[in-house]
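Only one structure is covered here, and it is reproduced in the block below.
The values are calculated or read from the model by the stated rules, or taken from the named source; none is laboratory data. Please read all numbers here as calculations on a predicted model, not as lab measurements. As a convention, Cβ positions derive from the backbone with ideal geometry for all residues, glycine included, and neighbour counts pool all protein chains shown.
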Amino acid sequence: MPAATPAIGSSQPSDQPAEKTALAGNRRWLLWGLLACLLASLMGTLVWLTGRYELSQQQMQLEQDAAAVVSDIRSGLNRRVQSLQSLQVGDPSPQGWSFEAVALLREHREWVHIEWRDQRLALLAGADSPYWRNPFARIGRASVLSEVGIACATASRLSGPAYANSYYLPQPDGLGMEVMDVCLPLIRDGLPAGYLVATYALPDLLAEMVPRQLLRSHQVSFTEADGTRLAMLGEGQRRSGQLQAQQLLDLPGHTLVLRLDRWIGAPGLLPNVLTALVATVSLALAVVLALLVRDSRRRQRAERELAEALAFRKAMEDSLVTGLRARDLQGRVTYVNPAFCAMVGFSAQELKQPHDTQPYWPPEMAAEYQSRLISRLAGAVPPRTGFESVFMRRDGTRFPVLVIEAPLIDAGGVQTGWMSAFLDISEQRRVEELSRASQERLQATARLATVGEMASLLSHELNQPLAAISSYATGSLNLLAQGALPAEALRQAMHGIAGQAERAGKVIRSVHDFVRRRDQQREAVTPQALLDAVMPLIVLQARKLHVRVLVDVHADAPAVWCDRTMVEQVLLNLARNGMQAMDQVPIAARDLRIGVRLRRPSAGTARGASGPAPLEDAASLTWVEFSVGDGGIGITPEVAQRIFTPFFTTKAQGMGLGLSLCRTVVEQHGGALLYEPRQPQGTVFRFTLPAAPD
Ligand code: ADP
């Protein structure tokens with residue numbers, strides 16, 4: 001196990017980084033919030049200042065307009081004074097004056113009434129405006145004469161027009177208006193000669209003297225000092241905002257206040273292009289800020305996912321037991337995982353340093369590995385299934401590894417090097433060795449068991465030569481006791497004893513050979529030699545079970561490449577099983593056929609425990625097929641399911657190891673063991689062995 005494997009999702013080790021990440025995240029949000037607030041206040045101030053600037057501009061414009069209106073009114077009033085003076089041209093009579101005055105009043109709507117008074121303010125002539133019928137009907141002219149008198153006194157003192165205080169003039173129809181008198185002193189031959197008094201209707205004065213286009217958007221009014229409106233003209237107040245400018249209309253004898261009102265739309269709602277521009281820029285800034293925030297959130301999420309993926313990859317790499325190593329196209333080690341470092345006992349840094357030969361290459365194999373590396377860098381593709389190699393640990397011990405190499409392809413599909421995975425297979429090797437040893441022990445045991453089984457047969461078989469020896473010996477002794485000792489008879493007896501002893505010795509030897517021979521060497525053995533070795537034992541059992549054994553070895557069957565002891569045991573097992581399977585059939589039908597022939601690649605298939613399969617798996621090899629056929633009970637489907645399972649037996653004395661061992665032995669030789677039914681009854685077991693090379 002690699003040390004300190006960081007596990008994803010495990011709470012302890014990842015708590016601190018998680019807290020730090022949360023803190024950093026909070027701080028980042030705080031900064032974003034601050035930036036948003038600053039930007040919002042900046043934009044608000046900018047819009048507000050722009051609005052203010054716009055208002056002050058409008059206010060200034062209004063002040064200028066008011067001043068212009070005052071100046072217009074003043075010059076208008078001066079022109080009116082000249083018009084009034086024109087009435088006195090030519091020293092008119094009161095009737096003629098009245099006639100002229102009415103004509104003048106028709107032209108000037110702002111005048112309500114004109115009078116010609118003498119030095120003591122007695123009325124000489126008077127005319128009302130044709131637009132106002134008897135304007136002084138309700139209050140009477142006399143009630144306002146005192147004001148006129150003051151104005152005229154001022155006028156004679158100034159020798160010019162003087163204006164009286166304004167006053168309200170109610171009309172018979174219920175309406176009324178603010179009016180103002182102007183008094184003009186008349187001079188004749190350098191001496192005062194009375195006064196001309198004209199009464200201005202202030203609303204009409206405004207209507208006549210204020211430019212019309214101004215009235216469309218403004219309200220013009222005369223007010224008193226306290227703000228009381230005396231006369232008003234223009235657009236009424238219907239909108240929310242209002243700008244106001246006041247100018248004094250300073251007239252001789254009286255001062256009026258001119259007030260100009262202007263209504264504006266909802267304040268701050270795009271009052272002009274500048275504000276609109278600022279507002280648009282602010283809006284664009286806000287949108288950009290929002291986009292930035294969104295982008296930043298996306299980036300954060302991507303960073304988080306990347307960090308998680310990296311942590312997962314790291315945890316995966318660290319917890320792998322497979323060693324991983326990446327090399328670039330020049331053969332330099334660019335990456336090794338902890339498992340690989342642990343496997344060879346070198347640190348990642350040591351392994352990544354450039355070496356002529358890698359520190360984990362056993363010196364005796366360095367040349368071979370170097371040439372393998374060169375061919376790999378030249379583009380030789382390694383086998384997909386991997387290959388076995390031997391590496392060396394730091395302490396010098398060698399260990400076998402399974403290496404699987406593949407090209408390292410980057411995101412653009414270009415090969416940037418080689419990636420290798422290493423599996424330490426020392427343990428696997430050890431287990432294989434153990435299993436091989438135990439397999440051998442098992443086979444030896446099975447062999448002994450076979451011999452044990454045959455012990456009774458042996459004793460039966462040995463009985464005959466021993467009985468014969470015994471009877472030869474008894475006969476000879478009898479002859480000796482009778483004193484008659486014909487040399488010929490004794491020689492025959494001795495010959496018989498020797499023959500029988502040899503026969504017994506053969507039997508003993510065949511068993512001895514079978515048990516003792518354990519050499520694992522593979523050698524070329526002819527099928528006949530194999531059969532000869534086991535035939536004595538087979539014949540022994542055949543005789544006991546009344547079985548006929550027929551052997552048919554084809555002349556073209558070559559020698560096989562095998563471990564002869566093992567194969568002999570296979571033959572013996574199969575023959576013994578076949579004979580035992582026939583103990584229920586009539587003696588006449590009990591025949592065991594043992595055949596050997598060259599296996600042609602086109603030959604058919606046989607049925608085995610694992611279904612149909614060809615007997616030969618490599619066409620390049622020549623195979624020799626051995627068959628053992630019996631006329632026994634055959635194999636039922638239930639038995640067939642478990643026939644090769646170790647310790648499966650249907651016999652009271654059986655061990656159930658025979659067939660499983662047979663199959664192992666045959667497969668170890670590269671062949672296959674199968675069986676098929678034999679006609680009309682019985683079973684044929686076939687196995688193949690590779691033919692020995694020439
Ligand atoms: P054992 O002979 O000790 O029983 P084997 O592994 O040799 O063990 O055989 C397993 C079983 O397979 C036998 O018990 C028998 O039922 C069956 N068997 C083996 N060979 C034959 C055969 N030639 N004919 C019928 N049945 C057989």
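Computed values, structure above
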| read-out | value |
| --- | --- |
| Meets criteria (more than 15 Å from Gly331 (Cα to Cα) and in contact with a helix residue (DSSP H, G or I) (Cβ under 7 Å, 6 or more places away or on another chain)) for Phe387 | no |
| Strands (runs of 3 or more DSSP E) enclosed by the stretch 248-354 - at least 3 residues per element that are closer than 30 Å to Met43 by Cα and either of a type in the set (A, V, I, L, M) or modelled with pLDDT under 90 (or both) | 254-264 |
| Residues that are at pLDDT 90 or above, within 24 Å of Leu530 (Cβ to Cβ) and away from the ligand (no atom under 16 Å from the Cβ), drawn from the stretch 573-621 | Val596, Arg597, Leu598 |
| Matching residues, the stretch 41-57, being of a type in the set (A, V, I, L, M, F, W, C), within 24 Å of Gln242 (Cβ to Cβ) and in contact (Cβ under 8 Å) with a residue 60 or more places away in the chain | Val47, Trp48, Leu55 |
| Selection count where residues are more than 17 Å from Gln439 (Cα to Cα) and within 16 Å of the ligand (Cβ to nearest atom), scope the stretch 560-572 | 2 |
| Listing of strands (runs of 3 or more DSSP E) fully contained in the stretch 105-179 that carry 3 or more residues being without any contact (Cβ under 8 Å) to a residue 60 or more places away in the chain and closer than 21 Å to Gly253 by Cβ | 167-170 |
| Residues of the stretch 323-358 satisfying the condition of being touching a residue at least 24 places away in the same chain (Cβ under 8 Å), touching a helix residue (DSSP H, G or I) at 6+ places or on another chain (Cβ under 6 Å) and more than 20 Å from Arg372 (Cβ to Cβ) | Pro338 |
| Unmet criterion (only one of (1) farther than 20 Å from Asp563 by Cβ; (2) at pLDDT 85 or above; (3) in contact with a Phe, Trp or Tyr (Cβ under 9 Å, 6 or more places away or on another chain); (4) more than 11 Å from the ligand (Cβ to nearest atom)) for Phe626 | (1) |
| Options Leu310, Leu324, Leu289: the member that is surrounded by 15 or more Cβ atoms within 10 Å (Cβ to Cβ) and within 30 Å of Phe391 (Cβ to Cβ) | Leu324 |
| Test for Gln82: is it at pLDDT below 90 and of a type outside the set (A, V, I, L, M, F, W, C) | no |
| Subset of the stretch 674-689 (residues that are buried (at least 19 other Cβ atoms within 10 Å of the Cβ) and not β-branched (Val, Ile, Thr)) | Leu674, Tyr675, Gly682, Phe685, Arg686, Phe687, Leu689 |
| Single match in Val539, Val547, Val534 (criterion: modelled with pLDDT under 90 and within 16 Å of the ligand (Cβ to nearest atom)) | Val534 |
| The stretch 629-659, residues that are within 24 Å of Leu545 (Cα to Cα), of a type in the set (Ser, Thr, Tyr) and in contact (Cβ under 8 Å) with a residue 12 or more places away in the chain | none |
| Number of the exception - Pro382 against (1) modelled with pLDDT under 90; (2) within 23 Å of Gln428 (Cβ to Cβ); (3) loosely packed, with under 14 Cβ neighbours inside 10 Å | (3) |
| Set Ala193, Ala207, Ala198: member being more than 60 Å from the chain's Cα centre (by Cα), in contact (Cβ under 8 Å) with a residue 60 or more places away in the chain and crowded, with 22+ Cβ neighbours inside 10 Å | Ala198 |
| Hits in the stretch 632-680 - residues which are small (Gly, Ala, Ser) and near the ligand (Cβ under 10 Å from one of its atoms) | Gly632, Gly634, Ala640, Ala652, Gly654, Gly656, Gly658, Ser660 |
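Residues are listed down the side, and each one gets a yes or a no for (1) surrounded by 17 or more Cβ atoms within 10 Å (Cβ to Cβ); (2) closer than 26 Å to Asp128 by Cβ:
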| position | (1), (2) |
| --- | --- |
| Gln59 | no, no |
| Gln64 | no, no |
| Val89 | no, yes |
| Glu100 | yes, yes |
